[in-house]
Amino acid sequence: MTAPTIKVSALGRGTVLDHLLAGSAMRAYRVLGLGSEYTVTVGINLASSRLGHKDIIKIEGHELTEKEAAKIAMLSPDATLSIIRDYKVVRKVPLKLPERVQGILRCPNPACITRSEKTPGSFRVDSAAPVTVTCEYCERTITEEQLDFV
Amino acid sequence: MVEDAHSRRAADSRVRTGDEVTKADFVGRDVITINDFRQSEILFLLDAADQFETAAPPLLSGRVIATLFFEPSTRTRLSFESAVGRLGGVCIGFAEGGVSSQAKGESVADTVRVVEGYSDAILIRHPKEGSARLAAEFAEVPVVNCGDGAHQHPTQTFVDLYTLRRECGRIEELNVVFVGDLRYGRTVHSLVTSLALFDAKLTFVSPEFLRLPREQRDALDAMGVSYREVRKIDDTLAEADVLYVTRVQRERFTDPMEFEKVRDSYRIDGDTLAKARPEVVILHPLPRVDEISPEVDAHPHAAYFRQAHYGVAVRQALLSLLLDCTGEVL
C-alpha cells in the first residue's frame with residue numbers, strides 16, 4: 001500500500017516560493033497581503049534535503065514584484081523564487097537580502113520622524129537569519145519580530 | 001587645570017597622526033550625528049574653536065541662518081544666535097513649533113524646502129528622532145541637528161569635548177562617569193561613542209529603566225570598548241575624572257508613573273563630592289532641576305556654566321567652517 005498523498009495542481013502562471021524557513025510561510029503569506037482573487041497553496045514543515053524542513057508557497061496568477069520578493073527575503077533569506085508561465089519555470093532565482101531596503105518597512109519606533117511624515121522608511125540591513133535592520137532616520141535597531149511591513 | 005591652546009593640541013597630537021583634515025572637509029556639510037565625524041575632524045573643529053574664543057570678526061556678514069526650533073531650547077538656540085550675531089550674521093526662525101506652519105499641519109520636509117530659500121544654513125531642533133536627517137534630504141543648504149528627540153545632539157557633543165579639553169587639559173583616557181537619564185538623554189547618546197574614540201573609561205550610573213539604550217551599548221561593543229553599568233554612584237566616585245550629570249527628562253516619558261519612580265534617583269551634593277577626587281570635573285548639558293545641588297556650583301571644577309559658554313566659540317567655528325567663511329581666523 002502506498003502512502004496517501006495530497007495532490008497540488010501545477011501552476012499555469014504564478015510564483016513558487018520554495019525553501020522558506022520552516023514555520024515562516026504563514027507570516028510570509030500575511031506580509032504579502034494578497035487579495036482573495038488568488039489561489040494560494042501553503043506547505044508547512046515539508047521534508048527538505050537541503051534544509052531538513054522547509055515551507056513552500058505557491059501563488060496562482062501573480063508574479064511577485066521586487067518589493068514583495070524583498071519582503072520575503074527579510075523573513076527567509078535562503079528562499080528561492082520561481083516564476084511560472086505556461087506551466088514552465090521561466091526564472092528561478094535565490095532570494096537575496098539587499099543591503100538597504102526602502103518602502104517596504106515601517107519603523108516601529110513611535111518617536112521616529114518617518115511615522116509622522118509622508119516618507120518611505122529606509123533601513124540598513126545589518127544581519128540575516130535572524131534579520132536585524134537599522135532605521136536610517138532614528139537609527140533604532142529593529143529585530144525580526146519587530147519588522148512591520150508596509 | 002586649564003591649559004593653553006598649544007598644550008591642548010599637543011596632548012591630542014597622537015590621535016591625529018596620518019589623518020589630515022582641511023577646512024574643505026567641512027564646507028557645505030550637514031551635521032546630523034556625531035558618528036558622521038572622524039576623530040581627526042572633531043579635533044580640527046575644537047582647534048578652530050580655540051581661535052574663536054579670542055576673535056570674532058564679521059565673517060558671517062550678509063549670511064542668514066535659520067533656526068527652526070520645534071522644541072524649547074535655551075543654550076543651544078541662544079548660543080547659536082550669539083555665535084551668528086557676533087560674527088555679523090542674521091538669524092531668522094522660531095523658538096517653538098506652535099508659531100510655525102507646523103501648527104497648520106505643515107510637514108518638516110515642506111518647512112525645510114521653504115526655509116532653505118531664505119537662508120544659508122538651517123539649524124533644526126524637533127521632538128521626533130531622525131527629523132534632522134529627513135530635513136537634510138530636502139535642503140541644499142547645510143542642516144545642523146540641534147537635537148532630534150532622544151536621538152542625537154552632535155553640536156552639544158562638540159561643546160562637551162571642547163569643555164573636557166579646556167577643563168581637564170585633555171580628552172584622551174579620561175575616566176568619565178555618566179549619571180542620570182541615559183535612556184532619553186540625547187547628549188549622552190552623542191557623547192559616549194565619541195569619547196570611546198579617545199580611549200575614555202566609561203561608567204554608566206542609572207536606574208534600570210533609564211539605562212543606556214541597546215543601540216549605544218552595541219556600538220560600544222562593536223568598537224571593542226569595555227564599560228561598566230552600575231546603580232550606585234558611590235561605587236564610581238573614587239576614580240572619576242569627570243561626572244557627566246543629566247536631568248531625568250519628564251517630557252520624554254509617556255507614563256507619568258514611570259517618571260515619578262525615577263525622577264530623584266541621583267543628586268550630586270557636597271556629600272557626594274566629599275567621596276570624589278578633589279579635581280573631579282562636573283559637567284551637565286543643562287538645564288538642571290534637582291540633580292545637582294546649588295552648593296556644588298561653588299566647587300572650582302563645577303564646569304557646567306562654563307560648558308554652556310564655550311558653546312558660542314564652538315558654534316562660531318562650526319558655522320564658519322560649514323559656510324566657508326573662516327577668513328583670516330583659520
Taking the residues in the range B:61-75 that are of a type in the set (Val, Ile, Thr) and modelled with pLDDT of 95 or more as candidates, determine which candidate is surrounded by the most Cβ atoms within 10 Å (Cβ to Cβ). B:Ile65
What is the one condition in (1) in contact with a strand residue (DSSP E or B) (Cβ under 6 Å, 6 or more places away or on another chain); (2) within 11 Å of chain B (Cβ to nearest Cβ); (3) of a type outside the set (S, T, N, Q) that A:Arg91 does not satisfy? (2)
Picked from the range B:253-288 (must be of a type in the set (Val, Ile, Thr) and in a loop (DSSP other than H, G, I, E, B)), the residue surrounded by the most Cβ atoms within 10 Å (Cβ to Cβ) is B:Val280
Counting just the residues of the range B:110-131 that are in contact (Cβ under 8 Å) with a residue 24 or more places away in the chain and away from chain A (no Cβ under 14 Å), which one comes out nearest to B:Tyr184 (Cα to Cα)? B:Leu123
Mind listing whichever residues of the range B:9-38 are modelled with pLDDT under 80, in a loop (DSSP other than H, G, I, E, B) and in contact with a helix residue (DSSP H, G or I) (Cβ under 7 Å, 6 or more places away or on another chain)? B:Asp12, B:Asp19
Show the residue pairs that are 6+ apart or on different chains and have beta-carbon atoms under 6 Å apart, the first residue being within the range B:290-303 and under 8 Å from B:Ile268 (Cα atoms), the second being among the aliphatic types (A, V, I, L, M) and buried (at least 20 other Cβ atoms within 10 Å of the Cβ). B:Glu291/B:Val245; B:Ile292/B:Val245; B:Ile292/B:Ile268; B:Val296/B:Ile268; B:Val296/B:Ala302
Restricting to the range B:132-142, and then to whatever is among the aliphatic types (A, V, I, L, M) and more than 13 Å from every other protein chain (Cβ to nearest Cβ), can you tell me which residue is nearest to A:Asn109 (Cα to Cα)? B:Ala139
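Residue-wise test of (1) of a type in the set (S, T, N, Q); (2) modelled with pLDDT of 90 or more; (3) surrounded by 15 or more Cβ atoms within 10 Å (Cβ to Cβ).
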residue: A:Ser9; (1), (2), (3): yes, no, no
residue: A:Asp18; (1), (2), (3): no, yes, yes
residue: A:Asn45; (1), (2), (3): yes, yes, no
residue: A:Glu60; (1), (2), (3): no, yes, yes
residue: A:Thr65; (1), (2), (3): yes, yes, no
residue: A:Glu68; (1), (2), (3): no, yes, yes
Can you tell me which residue in the range A:134-150 is nearest to A:Gln102 (Cα to Cα), limited to those that are more than 10 Å from every other protein chain (Cβ to nearest Cβ) and touching a helix residue (DSSP H, G or I) at 6+ places or on another chain (Cβ under 8 Å)? A:Phe149
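The values are calculated or read from the model by the stated rules, or taken from the named source; none is laboratory data. Not measured: the values here are computed from a predicted model. FYI the Cβ positions are ideal-geometry reconstructions off the backbone, even for glycines, and counts take in every protein chain you see.
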